[in-house]
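Heads up: the structure comes next, in structure tokens.
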Amino acid sequence: MATIIRTEQASDKRLHKDTLKPTPVESVDIRLDPKSTYQTMLGFGGAFTESSAYNLARINKTQRMQAIKDYFDPEEGLGYTIGRVSIHSCDFSLHSYTYIDEGDKDLKTFDISRDEQWVIPLIKDAESFAGPISLLGSPWSPPAFMKDNNSMIHGGKLLPEYYQTWADYFVRFVEEYRKRGLTIWGVTVQNEPAAVQRWDSCTYTGEDERDFVKNYLGPTMKQSSAKDVNILIWDHNRDVIVERAKAVLDDPEAAQYVWGTAFHWYVSEEFENVGKVHELFPDKGLLFTEGCQEGGVHWKSWKTGERYARNMIGDFNNFCQGYIDWNLFLDNTGGPNHVNNLCDAPIIVDVFPEKLVHQSSYYYIGHFSKYIRPDAVRIGNDNSHPVLQSTAFQNTDGTIALVVLNETDQAQEVRIALGEQTYQTTLAAHSIATLLLEDK
């Protein structure tokens, strides 16, 4: 007997559980092979942006805690265990800010009290459901005085004379968050280093990133209390991930400090590029660190959920080890955002009626995050079905989670084999299913 969980556009089924009995079949579409093993899962999560935290602060405590539970409770929520925070401000902050006074190259004024207003309390509340959450810190821009354009926005570059100061800033960030009892698992060198944005941004070439890691960030962290914190490079799109990973990881001196490569989903769905990075650097990790539906809130859109599932399947089948969504909670405009770069989120906080709206993406993410748990291992998933997409992981308790996506306009029959046991079911048009199986 297997458990099957379904979410369907044309019905009211949302993470709806049922049982599925073994059935003899003449042929198989998906054959699972637990003996073929690949990467280990870190977990799933979202970004604790200031905008997300501010939105929850605008509603009553009952709804606020329900919203947090909906993501972080392992049974009644999505079971999130990891998350991302910006190292001072990003575009989804209420405005640009840093942890120091402008011009303080000695970091004497370093102070994270701004984060203590909303962001850190949100993380603490999330941990009341999830337990300790592993956080990834990412900077959008160094302070203005450290950059050649003397501004936190519109790109610009980190001035070489501030490389050491900026590396020290990373260490102080880790130390201050740890003083609050939080777990910084890793940092990325720079959010989207190839993008010049009208919001907080800073550009690095591959060579810039290599040299900063090799000569400053890596050695500084290794010689500090942050020596156990992982460093991730790139933190941008898949389109040029191979060349950017090579720029750093081909250098052994730089590579020794790097856990792996972080990436986003904008621009392209060239999942094979993620796999190419694994082929070139099999001892390094791969982590998806940001994705969202752009252009404000997409009310009742089903394509948004399908985009998440399609990207997760494509990335996981190419050795990605975890998935961090962008903003956890946005308001009904898709903000606030201090430069009006509005986006969608899986949970929208409709502030004035104090109502939570769960988008299709919430349920689609749940088909992965609730059933593929930390330390699960991806297994062989031989899929010959002409249109259905799938990925499969085996959890530490032995259960196998197979996720199958149907993005087509027609119902699709699928036949699945695990050893001698076979199952047959039909996926409704525009639906997703997770099957929980036991390897006997």
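No value in this document is a laboratory result; all are computed from the given coordinates. Please read all numbers here as calculations on a predicted model, not as lab measurements. Glycine gets a Cβ as well: all are built from the backbone with ideal geometry, and neighbour counts include every protein chain shown.
In table form, for the structure just shown:
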read-out: Net charge of neighbours whose Cβ lies under 11 Å from the Cβ of residue 288, counting Lys and Arg as +1 and Asp and Glu as -1; value: -2
read-out: FRET E, pair residue 35, residue 358, Förster distance 51 Å, beta-carbon r, rounded to 0.05; value: 0.85
read-out: Contour minus Cα-Cα distance for residue 215 and residue 97 (0.36 nm per residue); value: 39.8 nm
read-out: Surface/4 estimate of mean projected area, convex hull on alpha-carbon atoms of region 135-198, nm²; value: 4.5
read-out: Sites residue 105 and residue 58 - FRET efficiency at Förster radius 51 Å, r taken between beta-carbons, to 0.05; value: 0.85
read-out: Cα-based Rg / Dmax (Å) for the chain; value: 21.7, 72
read-out: Acute angle (nearest 10 degrees) that the helix 119-130 long axis makes with the longest principal axis of the chain, alpha-carbon atoms; value: 30
read-out: Region 42-371, relative contact order [Cα under 8 Å, separation at least 6], %; value: 20
read-out: Residues 403, 187 arranged by fewest to most Cβ contacts within 10 Å; value: 403, 187
read-out: Extension gain (nm, one decimal) between residue 196 and residue 301, 0.36 nm per residue minus Cα-Cα; value: 34.8 nm
read-out: Fully extended contour minus Cα-Cα distance, from residue 180 to residue 75, at 0.36 nm per residue; value: 35.1 nm
read-out: Helix axis angle, 303-316 relative to the chain longest principal axis, alpha carbon, degrees; value: 80
read-out: Amide N proximity, region 22-38 versus residue 377 label position 7 Å along Cα-to-Cβ, cut-off under 18 Å; value: 32-38
read-out: Prolate/oblate/rounded label for region 119-270 (Cα gyration tensor, a/c 1.5); value: rounded
read-out: Using alpha-carbon coordinates, inclination of helix 360-369 to the longest axis of the chain, degrees; value: 80
read-out: FRET efficiency for residue 11 and residue 267, using Cβ-Cβ distance with R0 set to 45 Å, rounded to 0.05; value: 0.85
read-out: Filter on 108/214; 124/227; 21/124; 13/35; 157/303 - keep pairs with C-alpha separation over 30 Å; value: 21/124; 13/35; 157/303
read-out: Prolate/oblate/rounded label for region 401-440 (Cα gyration tensor, a/c 1.5); value: prolate
